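**Student:** Before anything else, here's the structure in question.
The values are calculated or read from the model by the stated rules, or taken from the named source; none is laboratory data. Quantities reported herein were computed from a predicted structural model and do not represent experimental measurements. All Cβ positions, even for glycine, are placed from backbone atoms using ideal geometry, and neighbour counts span all protein chains on display.
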């Protein structure tokens, strides 16, 4: 070990409370950089109140499955080409048709393979969906076993039942998550499965997309309690939980297959990884519904995701006609970038993966302490 040049890596740190407790003194020691990782790390440490917390001495990084850009890296796509397409998306410029078609095909394979590194590696090396599916099945099997190992506050059976119900709930016309659909039993509700759902969310496996009373800012003040969709953070795992779902339906764009659930999951994952809170809008007692509503640079953004079978966006058109509201409307579909007569922007399926990351706006700094003190001393002299 060479001070200032060596790093200490502690993997699966959740298995050793003493190692977790040692992070503070190791940080104060300052001779070595320390990197830690672990399965369900946040969940396990939250459940374990023993030991010394390194709060203030550790930078926490939440890891997610590989995003579409990282997937393209693994496929050997030139980073400058990826950057060029990102620029086109962010500037709402037409993408070269050849590159657009290629990226669409890659995105469709990404929806099937997902972003779990072992699955991506297998597909990159073999281009074999069967072998890739076998890897994903192994991950799901281990995942379900590990829920019992790392869950004190929510039972393993309840967690896995919630997990298994997600594909079924996303395949419905109304994709709102319903607790009683997890288990067809009288009295089943949030009290029964709320803890299990929270566990899956904290473990980074799912994201909640909250329903809004109206698609107007500020969105965070318009959330309807206990009305939400649940999306898997990885489409490869979602496909595996669907079991008999045929990858060819998505990769080959079968017009008679309802693959909207997987598409919406892919879009939700892309937006979440770029820092966008997930909301949707479903008007009560009406067919008016917007798949995703978010806010960027002070303006509500409405996104409708269209599968190959259904291209209409009646709800989006209706809301965009409300002239008194300042909004942007996006139709996400198999299309290059264009603007239609209603001002609705058509974007490729992969476009949300290249949206600008959400960042805090530039906030002016107060006068420096030096300048403030100098003026005060000048004024009293």
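**Student:** Quick one: would you say residue 64 is at pLDDT below 95 and within 18 Å of the chain's Cα centre (by Cα)?
**Tutor:** Spelling it out, residue 64 is indeed at pLDDT below 95 and within 18 Å of the chain's Cα centre (by Cα).
**Student:** For a quick check of your reading of the model, give me the residue pairs whose first member lies in the range 83-96 and is in contact (Cβ under 8 Å) with a residue 12 or more places away in the chain, whose second is exposed (fewer than 14 other Cβ atoms within 10 Å of the Cβ), with beta-carbon atoms closer than 6 Å and at least 6 apart or on different chains.
**Tutor:** Every condition considered, the pairs that remain are 90/356.
**Student:** What are the residue pairs meeting all of these: first residue in the range 106-133, first residue farther than 15 Å from residue 234 by Cα, second residue in a loop (DSSP other than H, G, I, E, B), Cβ atoms under 9 Å, and 6 or more apart or on different chains?
**Tutor:** 106/75; 106/77; 106/350; 122/128; 123/75; 124/75; 124/76
**Student:** Can you pull out the residues in the range 272-284 that are modelled with pLDDT of 95 or more and closer than 17 Å to residue 114 by Cβ?
**Tutor:** none
**Student:** Output the helices (runs of 4 or more DSSP H) that fall wholly within the range 186-258 and possess 1 or more residues being at pLDDT 90 or above, or say none.
**Tutor:** 190-202, 235-241
**Student:** Moving on. With the checklist (1) in contact (Cβ under 8 Å) with a residue 60 or more places away in the chain; (2) surrounded by fewer than 17 Cβ atoms within 10 Å (Cβ to Cβ) in hand, flag the one item residue 213 doesn't pass.
**Tutor:** Against the list (1) in contact (Cβ under 8 Å) with a residue 60 or more places away in the chain; (2) surrounded by fewer than 17 Cβ atoms within 10 Å (Cβ to Cβ), residue 213 comes up short only on (1).
**Student:** So if I check each of 237, 241, 205, which one is within 20 Å of the chain's Cα centre (by Cα) and either free of Cβ contacts under 8 Å to residues at least 40 places away in the same chain or crowded, with 23+ Cβ neighbours inside 10 Å (or both)?
**Tutor:** From the options 237, 241, 205, the qualifying one is 237.
**Student:** State all residues of the range 270-294 that are touching a residue at least 40 places away in the same chain (Cβ under 8 Å) and not in a strand (DSSP E or B); if no residue qualifies, say none.
**Tutor:** 270, 271, 272, 273, 274, 275, 276, 277, 278
**Student:** Taking the residues in the range 297-323 that are touching a residue at least 60 places away in the same chain (Cβ under 8 Å) and touching a strand residue (DSSP E or B) at 6+ places or on another chain (Cβ under 8 Å) as candidates, determine which candidate is nearest to residue 176 (Cα to Cα).
**Tutor:** Per the criteria, the residue is 302.
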